[in-house]
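As structure tokens, the structure follows; a few thoughts come after it.
The values are calculated or read from the model by the stated rules, or taken from the named source; none is laboratory data. Computed from a prediction, not measured in an experiment: that's the story for all the values here. Positions of Cβ are backbone-derived with ideal geometry, glycine not excepted, and every protein chain shown enters the neighbour counts.
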Amino acid sequence: MRNFSQFGTVLTREESKKIRGGSGTCGAISPSGSILCNVSKDTALWWKTDEPGGWWCCESCGTSSYCG
């Protein structure tokens, strides 16, 4: 597995957290339509649940209809 430094660009800690889904960079919408943004990846995954209609995002939140 490669680490980020092998790609020729060194990312800041904040940039790395956005790619990996760090605290405050993710969001979710529950099957009932409740929205939660700027949370950790674990919280977003829990919030969306495993029922149909739930979604979550991290690096793509800016283009989502619920956290964009």
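Some values worked out for this structure:
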| read-out | value |
| --- | --- |
| Test result for Ser34, more than 8 Å from the chain's Cα centre (by Cα) and of a type in the set (S, T, N, Q) | yes |
| Meets criteria (of a type in the set (Lys, Arg), modelled with pLDDT of 65 or more and out of contact with any Asp or Glu (no Cβ under 8 Å at 6 or more places or on another chain)) for Lys41 | yes |
| Failed item, numbered, when Leu45 is tested on (1) buried (at least 18 other Cβ atoms within 10 Å of the Cβ); (2) not in a loop (DSSP other than H, G, I, E, B) | (1) |
| Cross-chain or 6+ apart pairs with Cβ under 7 Å, segment 24-39 first and more than 16 Å from Asp50 (Cα to Cα), then among the polar types (S, T, N, Q) and part of a strand (DSSP E or B) | Gly24/Asn38 |
